[in-house]
Each structure stands twice: as structure tokens, then as C-alpha cells.
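J.: Provided herewith is a single structure, encoded as C-alpha cells, for subsequent inquiry.
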Amino acid sequence: MVAASVHEGGRISVHGVSRVFEDQGKGAQPVVALSKVELDIAPGQFISLIGPSGCGKSTLLRLIAGIDSPTTGEIRLDGELIKDAHPSRGLVFQDPTLFPWKTIWSNVATGPESRGVLKEQKGEVDKFIELVGLKGFEKAYPHQLSGGMAQRAALARALVNHPKVLLLDEPLGALDAFTRMNLQEEILRIWQERGTTMVFVTHDIDEAVYLSDRVVVMTPRPAQIKEVITIDLPRPRIRNSTAFFGYRSRILESLQLVPEIEQPEYIV
């Protein structure tokens, strides 16, 4: 399901992308992080990347963001080749990475300020602070916020640039279960309101099923796309439904995390 959008997200096309890290020290072999990855993401879709630790999920995210470049292959956003970082592709990390000396308002305003348009977009900063539920905390500093609130501020900082694509690298991984579930709802609400294309890295299978239109299962390094599973469930999703657990089991099987169970012997 694609969200009914206010601002349509961008289309991502990943074709034949490999990433090899050559400089691994004297005598060390090059590390092939990604190998001939093929992936197309429709405008406004919510995609989760899931796979073993170190398989290249975050590497793929950095390539889409434009802060790293493929060794071979190409990545395009709406047909335009991605060559470097750009505000049209927002990136949110597990650590909110807020500037500790700046207020929340000033942190969110970082993008417009760096582009020289803050004077015209002050109202946008206020709007996105309210969108993530931080109205009233504009003058607070990062150390005065909980982990969940800090991550909300990081989301607002990325969204204020009106990105076509929002890339989220395990943004909820360091949070407690209750805060994590609340922020899952917030991310879905923002996605449904804005229509931004979302690419979400997670190790949490339940989280991937709950959030995503499609779950992209990646192989161990060198990573390739093993399977793309469409989550055909209505929203809001019921976490303890039979259908939900069915998708969870399918992803576990794709990741080969379900042990083989010996069939019982029957005496006839």
C-alpha cells in the first residue's frame, strides 16, 4: 500500500550496484559489502531492509544517500544519477546526532540555515517541530530530552528539507520497547501525511512487518537481494494476528533463522 501523499516521494532505482572496500590494511583482502544489487522502490513506498549483521544494509543506505559511491553500478532518484549528498535524500541514524550546543529549534533549522534560506523558512521549522510532537520544546537542549524525543528532533531536522526519500538506519534500535512502539506509530503517521519514500534498516522482524509495504531480505556478505516480500495487510496492523505471524514466519524462513524440526515418528 502506498500512502495517500501530500508531497509525493521519489522513485529509487538501484541497478547492478556493488561496493568493494579495498583499503583494509596491509595484507588484508578487500571486503565485498554489496554484489550486483538490483532494487526498484516506487514513489511513496515504505521499504524495510533486513538481513544478518554486517551484510551491507547500512552501506546500501549510504549509497542511496550519496555519502558513499558504488564501486560498480548506479543508483538513480527519479531518473537522475545520484553522485553526492543532497537535501532531497534525508538520513536519520540510530544516534540522533544532534548538536549539543544548539537548541532543538536551531538543530531542526540546520538544513535551511546551511542553504541560506532560513529567513524564508522559519515557519517550516516550527511546522516540523509540531509535526513530530515537540511543540513547546523549541528552546530545550538535547541533553534535556529523552532518547525518543531526541529521535523525534532528528526526524524533524531531516524532514524540514522536504526530502523525496527518507533513509532511516535503525533509528529506533537504542530505545526501550514502549518508546519504540510509540515512535513506530509516529513514523507511520508522518509517512502517511507526507508521502515521503521511506527506506528503513532494522534487525527487528516484527517492526519490519508492522511498518512496511515491502520487506527486502538481504543475504550475508557479499550482500544481494535474496527476496522481496510484499506485506499485504491493512493498516493499522494487528501485531498479534495470525496473518501478521504468518509474514513473520516467512521472513524468519527467508533469513534461515527457523531450525528444522524433526517430524515425530508414529507407531502404526
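FYI, it's all coordinate maths here, none of it is from the lab. Computed from a predicted structure; not experimentally measured. Don't worry about glycine lacking a Cβ; one is built from the backbone with ideal geometry, like all the others, and counts go over all protein chains shown.
J.: Once you compute Rg and the Kirkwood Rh from C-alpha atoms, what is the Rg to Rh ratio for segment 13-123?
T.: 1.04
J.: Hey, another quick one. Looking at segment 44-146, which GluC sites (Glu not before Pro) are in a loop (DSSP not H, G, I, E or B) and have at most 11 other Cβ atoms within 10 Å?
T.: Of the GluC sites (Glu not before Pro), the ones in loops of segment 44-146 whose Cβ has at most 11 other Cβ atoms within 10 Å are Glu120.
J.: If you take the square roots of the eigenvalues of the alpha-carbon gyration tensor of segment 137-191 and sort them as a ≥ b ≥ c, do you get rounded (a/c under 1.5), prolate (a/b over b/c) or oblate? Let's see the in-between values first.
T.: Numbers: a/c = 1.86, a/b = 1.11, b/c = 1.68.
Verdict is oblate for segment 137-191.
J.: Please work out whether segment 116-268 counts as rounded, prolate or oblate from its C-alpha gyration tensor, where a ≥ b ≥ c are the square roots of the eigenvalues and a/c under 1.5 means rounded, while otherwise a/b larger than b/c means prolate and anything else oblate? Don't jump to the answer; show the numbers that get you there.
T.: Values: a/c = 2.63, a/b = 2.29, b/c = 1.15.
It is prolate, given that a/c is not under 1.5 and a/b is the larger ratio.
J.: Rounded to the nearest 0.05, what FRET efficiency is calculated for Ala174 and Ser241 with R0 set to 25 Å and r the Cβ-Cβ distance?
T.: On the way: r = 28 Å, r/R0 = 1.12.
Efficiency for this residue pair is about 0.35.
J.: Between Tyr141 and Glu8, with labels modelled 7 Å along Cα→Cβ, what's the label distance in nm to one decimal, could you check?
T.: Result for the modelled spin labels: 4.5 nm.
J.: A further question on this structure: Just to be sure I understand: with springs between alpha-carbon atoms less than 10 Å apart, which residue in Gly173, Gly16, Gly136 has the highest mean-square fluctuation in the Gaussian network model of the chain?
T.: Fluctuation is largest for Gly136.
J.: Still on this structure, I have one more. Using Cα pairs under 8 angstrom and six or more residues apart, how large is the relative contact order of the chain, in percent?
T.: Details: 523 pairs, mean separation 71.7, N = 268.
That works out to 27 percent.
J.: Continuing with this model, one more query. Testing the spin-label approximation: label points 7 Å from Cα along Cα→Cβ at His203 and Ala28. State their distance in nm.
T.: It is 2.1 nm.
J.: Sticking with this one: Return the sequence-ordered ³J(HN,Hα) values of segment 164-178 in whole Hz as given by the Karplus equation 6.51 cos²θ - 1.76 cosθ + 1.60 applied to θ = phi - 60°, using x for Gly and Pro.
T.: Each residue of segment 164-178 in turn: 6, 9, 10, 9, 10, 9, 6, x, 10, x, 9, 9, 5, 4, 5 Hz.
J.: Evaluate the Debye formula for the chain with equal point scatterers sitting on the alpha carbons, no solvent, and hand back log10 of I(q)/I(0) at q = 0.11, 0.16 Å⁻¹, in q order, two decimals.
T.: Scattering profile of the chain, log10 relative to I(0): -0.64, -1.26.
J.: Can you give the longest stretch of the chain with no exposed loop site, where a site means chymotrypsin sites (Phe, Trp or Tyr not before Pro) in a DSSP loop (not H, G, I, E or B) with at most 15 other C-beta atoms within 10 Å?
T.: Working: sites that count: Trp101, Tyr266.
Longest site-free region, per DSSP loop and neighbour criteria: 102-265.
J.: Based only on Cα atoms, what mean projected area does the convex hull of segment 40-92 have, in nm²?
T.: Details: hull surface 17.0 nm².
In nm², the orientation-averaged hull projection of segment 40-92 is 4.3.
J.: If you don't mind, there's one more thing I want to ask. Loop-only trypsin sites (Lys or Arg not before Pro) in segment 95-141, please: DSSP not H, G, I, E or B, and at most 10 other Cβ atoms within 10 Å.
T.: Numbers: sites: Lys102, Arg115, Lys119, Lys122, Lys127, Lys135, Lys139; in loops: Lys102, Arg115, Lys119, Lys135, Lys139.
Hits after loop and neighbour filter: Lys119, Lys139.
J.: Comparing Gln184, Gln29, Gln94, which has the greatest mean-square fluctuation in the GNM of the chain with Cα pairs linked when under 10 Å apart?
T.: Ranking Gln184, Gln29, Gln94 by mean-square fluctuation puts Gln29 first.
J.: I would also like to ask the following. Assuming a ≥ b ≥ c are the square roots of the Cα gyration tensor eigenvalues, decide whether segment 163-251 counts as rounded (a/c under 1.5), prolate (otherwise, with a/b larger than b/c) or oblate. Don't skip to the answer; put the middle values down first.
T.: Working: a/c = 1.36, a/b = 1.11, b/c = 1.23.
Because its axes are fairly even, with a/c under 1.5, segment 163-251 counts as rounded.
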